[in-house]
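Okay, so here's the structure we're looking at.
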Amino acid sequence: MATVETRAVRKHFGDVPAVDGVDLATKEGEFLVLLGPSGCGKTTLLRMIAGLELPTAGEILIGGQVVNDLPPRARKIAMVFQSYALYPHMTVAKNIAFPLKAQGVPREAIPTKVEWAASLFGIEKLLHRKPRELSGGERQRVALARAVVREPAVFLLDEPLSNLDAKLRASAREELQQFQRRIGTTTIYVTHDQIEAMGLGDRIAVMQGGKVRQIGTPPEVYDEPADTFVAGFLGSPPMNIIETPDGLVGFRPEHFLPREAHADRPGLTALRFRVTRVEYLGADRLLYGILEGKFPDAKVIARLPSTVTAPVEPGKRYEFAVQEKDLKFFDAGTGLRTRPRPL
């Protein structure tokens with residue numbers, strides 16, 4: 001196992017900063033997710049760690065060693081791409097064996113290593129097939145087996161599940177997490193999908209504009225967002241954020257409930273809510289509407305679980321409330337979190 005560290009890493013394409021001074025450090029055996037929208041710099045950062053892009057400035061360390069000048073093959077990493085990048089004319093066995101041959105592993109040792117890597121992902125019976133004869137999920141397993149067979153110190157995964165359908169993606173997430181826990185290899189995983197990030201990551205580094213806006217465990221980045229970008233990017237629907245005379249205040253849709261649903265909970269902030277639209281999602285209802293009274297015309301969303309049976313109709317007004325502990329406060333200029341204050 002090894003750790004990965006970046007120190008003030010930058011990457012400019014011409015005058016455009018793709019990665020803008022990123023400092024982060026993994027823990028040994030950690031599953032770290034780089035999460036952010038398209039163009040935020042997450043894949044460029046991963047490619048610099050892999051040695052496929054040279055940083056404009058800063059240092060990259062793997063296992064405590066600066067690797068800026070080392071080629072990819074000398075960094076003890078394995079990378080799995082979104083496209084899987086399998087050789088179409090080779091069988092599965094030859095695809096998995098390819099990096100071993102490139103490393104100069106003795107020919108007689110290769111079959112045993114290939115069978116071992118294939119067994120980790122349950123693809124032993126596919127070794128004679130070619131990629132065109134495989135499903136998307138099977139190709140993904142082959143790509144992972146090809147990465148594993150080298151027994152690298154670090155795995156780098158660039159949206160490897162994005163080509164799978166929703167059901168298969170969910171099962172693949174579970175398999176990938178179990179595999180990573182079993183072998184304990186430090187893993188950095190790039191995705192724009194917050195569900196993947198929350199489900200897979202030991203920690204999540206949320207990126208935007210080439211910078212890391214926050215790094216923390218899934219509960220930390222969801223429950224205690226560092227700024228309005230993180231608050232708005234994580235969550236479906238995202239956090240409600242409304243302007244107040246002295247800043248911004250936010251609260252999650254699932255915390256915004258009919259007042260009676262809060263029962264006798266202490267510290268409630270009551271808000272009058274005019275519902276304009278209702279979406280029924282089975283386990284939940286999403287209520288879209290507008291606040292009245294203290295924060296007139298602020299658009300917000302409430303997420304009601306099926307256990308809250310209160311009838312709600314579009315066009316009507318209701319008394320809703322949020323617990324004070326669930327209110328998050330932000331600076332209007334910078335978007336950064338501030339201390340709680342009276343509303």
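The values are calculated or read from the model by the stated rules, or taken from the named source; none is laboratory data. Since the model is a prediction, treat every value here as computed from it, not as a measurement. Here the Cβ is made from the backbone with ideal geometry for all residues, glycine too, and neighbour counts use every protein chain on show. Just so you know, the surface numbers come from the protein's heavy atoms only, side chains and all, with ligands and any DNA or RNA stripped out. Shrake-Rupley method; radii C 1.70, N 1.55, O 1.52, S 1.80 Å.
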| With each label point set 7 Å from Cα along the Cα-Cβ vector, what nm distance links Trp116 and Ser38? | 4.1
| Label-to-label distance, nm, for residues given as Ala310 and Leu336 (7 Å Cα→Cβ offset) | 3.7
| How much length is gained on full extension from Thr276 to Asp297, taking 0.36 nm per residue of separation minus their Cα-Cα distance? | 6.4 nm
| task | Any of Lys299/Lys328; Lys94/Lys125; Lys42/Lys328; Lys76/Lys125 with alpha carbons more than 20 Å apart? Name them for me. | result | Lys42/Lys328; Lys76/Lys125
| Counting pairs of alpha carbon atoms under 8 Å apart in space and at least six apart in sequence, what relative contact order in percent does segment 204-283 give? | 13
| task | Work through the residues other than Asp297 whose Cβ is under 13 Å from its Cβ and net out their charges, Lys, Arg +1 and Asp, Glu -1. | result | +2
| query | Can you give the accessible area of Thr276, probe radius 1.4 Å, in Å² rounded to 10? | reply | 70
| query | If ligands, DNA and RNA are left out, what is the accessible area of Val148 with a 1.4 Å probe, given in Å² to the nearest 10? | reply | 10
| query | How far is it, in nm, from the label point at Asp284 to the one at Lys101 when both lie 7 Å from their Cα along the line to the Cβ? | reply | 5.0
| request: Jot down the per residue volume, in cubic angstrom and as a whole number, of the convex hull over the alpha-carbon atoms of the chain. | output: 167
| message | Please give the charge dipole size of segment 233-326, origin at the Cα centre, charges +1 on K and R Cβ atoms and -1 on D and E Cβ atoms. Round to the nearest 20 debye. | response | 180
| request: Could you tell me the accessible area of Ser83 in Å² (1.4 Å probe, neighbours in place), rounded to the nearest ten? | output: 80
| field | Burial order of peptide ranges 162-168, 25-31, 200-206 (average beta-carbon count within 10 Å, highest first) | value | 200-206, 25-31, 162-168
| query | For Arg129 and Leu52 in the same chain, what is the full-extension length gain: residue separation times 0.36 nm, less their Cα-Cα distance, in nm? | reply | 24.7 nm
| field | Centre separation in Å (Cα based) which lies between segment 51-82 and segment 108-173 | value | 23
| remark: With Cα coordinates, the longest principal axis of the chain makes an angle with the long axis of helix 166-183, in degrees rounded to 10, of 60
| remark: In the chain, taking the dipole from +1 charges on Lys and Arg beta carbons and -1 charges on Asp and Glu beta carbons about the Cα centre, the listed residue (Phe98, Ala231, Tyr84) farthest towards the positive end is Phe98
| remark: For Asp23, Asp284, the accessible-area ranking with a 1.4 Å probe, largest leading, is Asp23, Asp284
| query | How much net charge surrounds Pro245 when only other residues with a Cβ under 15 Å from its Cβ are counted (Lys, Arg +1; Asp, Glu -1)? | reply | -2
| field | Residue order for His262, His12, His89 - accessible surface, 1.4 angstrom probe, largest first | value | His89, His12, His262
| task | Among DSSP beta bridges whose residues both lie in the chain, state the antiparallel percentage, nearest 5. | result | 75
